[in-house]
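The values are calculated or read from the model by the stated rules, or taken from the named source; none is laboratory data. All figures in this text were calculated on a predicted structure; none of them were measured in a lab. Using ideal geometry, Cβ is built from the backbone for each residue, glycine included, and neighbour counts are taken over all protein chains shown. Accessible surface is based on the protein model in full, side chains and every heavy atom, while ligands, DNA and RNA are left aside. Shrake-Rupley method; radii C 1.70, N 1.55, O 1.52, S 1.80 Å.
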Amino acid sequence: NAGVTQTPKFQVLKTGQSMTLQCAQDMNHEYMSWYRQDPGMGLRLIHYSVGAGITDQGEVPNGYNVSRSTTEDFPLRLLSAAPSQTSVYFCASSYAGDSNQPQHFGDGTRLSIL
Amino acid sequence: GESVGLHLPTLSVQEGDNSIINCAYSNSASDYFIWYKQESGKGPQFIIDIRSNMDKRQGQRVTVLLNKTVKHLSLQIAATQPGDSAVYFCAEIETGGGNKLTFGTGTQLKVEL
């Protein structure tokens with residue numbers, strides 16, 4: 001049981017480049033989400049999904065796109081990277097519904113935009 | 001809580017002592033609270049959670065206290081060990097907010113030998 005797997009672990013981009021951060025979970029969780037973490041701050045929600053085919057914006061969605069074609073995968077796309085997007089990105093998943101389940105996090109992708 | 005910029009609040013404790021990490025939340029509509037531990041280079045790891053119909057919950061060496069009147073949450077770690085050194089975050093979910101977590105800024109716990 002791998003949990004939440006994020007790839008790559010590290011990435012350096014030039015301003016204007018695009019890339020996709022991958023996230024996969026093997027726990028059959030309906031809910032998946034992307035956060036960014038900046039130095040000395042808590043995590044901020046970028047986008048989330050409550051199931052395949054359904055996505056929605058979080059607190060800081062600008063500059064990022066997501067899709068959810070399968071339950072297992074939730075990729076995050078940077079369309080045109082900017083230095084302000086230098087951050088550590090975390091993907092998380094959990095069961096959805098009213099019972100409130102804790103989210104399980106991957107180990108992050110450290111992204112630097114030059 | 002509000003951002004404290006680049007400098008996390010730090011709590012230093014001696015090995016074997018008890019640690020208390022505090023968190024203030026502002027959303028009175030939040031009804032589910034979680035404590036996460038984040039070690040360097042890792043993602044947040046679930047420690048313990050509590051729902052708003054409770055004021056205390058205990059786990060293995062950890063206790064979470066919830067005071068809804070003053071919107072305050074605390075994490076108590078008994079007999080703190082070097083492996084407890086990490087950044088601790090509280091997070092909340094608003095009633096009807098689905099699974100959307102709102103994180104606090106975190107507290108750095110340093111365990112001194």
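Taking residues in the stretch B:12-28 that are on the phi > 0 side of the Ramachandran plot, and partners anywhere that are small (Gly, Ala, Ser), the pairs with Cβ atoms closer than 6 Å and at least 6 places apart or on different chains are B:GLY16/B:ALA79.
To keep it simple, each residue is scored yes or no on (1) at the interface with chain A (Cβ under 10 Å from one of its Cβ atoms); (2) open to solvent by less than 60 Å² (accessible area, probe 1.4 Å); (3) among the hydroxyl-bearing types (Ser, Thr, Tyr); (4) within 30 Å of A:PHE10 (Cα to Cα).
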{"residue": "B:SER19", "(1), (2), (3), (4)": "no, yes, yes, no"}
{"residue": "B:ASP31", "(1), (2), (3), (4)": "yes, yes, no, no"}
{"residue": "B:ASP55", "(1), (2), (3), (4)": "no, no, no, no"}
{"residue": "B:VAL62", "(1), (2), (3), (4)": "no, yes, no, no"}
{"residue": "B:LEU66", "(1), (2), (3), (4)": "no, yes, no, no"}
{"residue": "B:LEU75", "(1), (2), (3), (4)": "no, yes, no, no"}
{"residue": "B:ASP84", "(1), (2), (3), (4)": "no, yes, no, yes"}
{"residue": "B:GLU94", "(1), (2), (3), (4)": "no, no, no, no"}
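Tell me, which residue of the stretch B:33-45 that is surrounded by fewer than 17 Cβ atoms within 10 Å (Cβ to Cβ) and facing chain A (nearest Cβ under 9 Å) is farthest from the chain's Cα centre (by Cα)? Out of the qualifying residues, it is B:GLY41. The sole residue among A:SER93, A:SER69, A:SER84 that is open to solvent by less than 30 Å² (accessible area, probe 1.4 Å) and either at negative phi or charged (D, E, K, R) (or both) is A:SER93. Can you name every one of the strands (runs of 3 or more DSSP E) wholly within the stretch A:26-75 that holds 2 or more residues which are under 11 Å from the mean Cα position of the chain (by Cα) and not basic (Lys, Arg)? Correct list: A:31-37, A:43-51, A:64-66. Of all the listed residues (A:ALA81, A:ALA96), the sole one being in contact with an Asp or Glu (Cβ under 6 Å, 6 or more places away or on another chain) and touching a residue at least 60 places away in the same chain (Cβ under 8 Å) is A:ALA96.
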